[in-house]
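What follows is calculated from the coordinates using simple rules that are stated; it is not laboratory data. Nothing here was measured: the structure is a model prediction, and the numbers come from that model. Cβ placement follows ideal geometry from the backbone for every residue including glycine, while neighbour counts extend to all protein chains displayed.
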């Protein structure tokens, strides 16, 4: 059920983004992530909205992504 629920939030995020509601899209992606933290599509879409300079500048910053993932994984492990 968590994956299906996460997908609902992911789809809502797409609609919000399409309508220019970036902050609402980020919130929905956060909800989706909490339901399905192993889903890297959700993670990376949220990261790209929160920190577009790490994705759309000169190059994709994969080291930043690894650090961000490690930090998020540490939080999950503590819960």
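Taking a ≥ b ≥ c as the square roots of the eigenvalues of the alpha-carbon gyration tensor, the chain is classed oblate because a/c is 1.5 or more while a/b is no larger than b/c.
Over the residues of the chain, the helix contribution to mean residue ellipticity at 222 nm works out to -25000 deg cm²/dmol, using -39500 (n - 2.57) for each DSSP H run of at least 4. Relative to the present Cα-Cα distance, how much length would full extension add between residue 2 and residue 44 at 0.36 nm per residue of separation? Result for the pair: 13.3 nm of gain on full extension.
Structure remark: mean-square fluctuation, Gaussian network model of the chain, C-alpha springs under 10 Å; the largest value among 16, 62, 33 belongs to 62.
As a calculated quantity, the FRET efficiency between residue 19 and residue 61 at R0 = 30 Å, using C-beta atoms, amounts to about 0.60. This ranking places 76, 29, 49 by how few other beta-carbon atoms lie within 10 Å of each, fewest first, which gives 76, 49, 29. Build a GNM of the chain with springs between Cα atoms under 10 Å apart, and of 25, 48, 57 the one that fluctuates most is 57.
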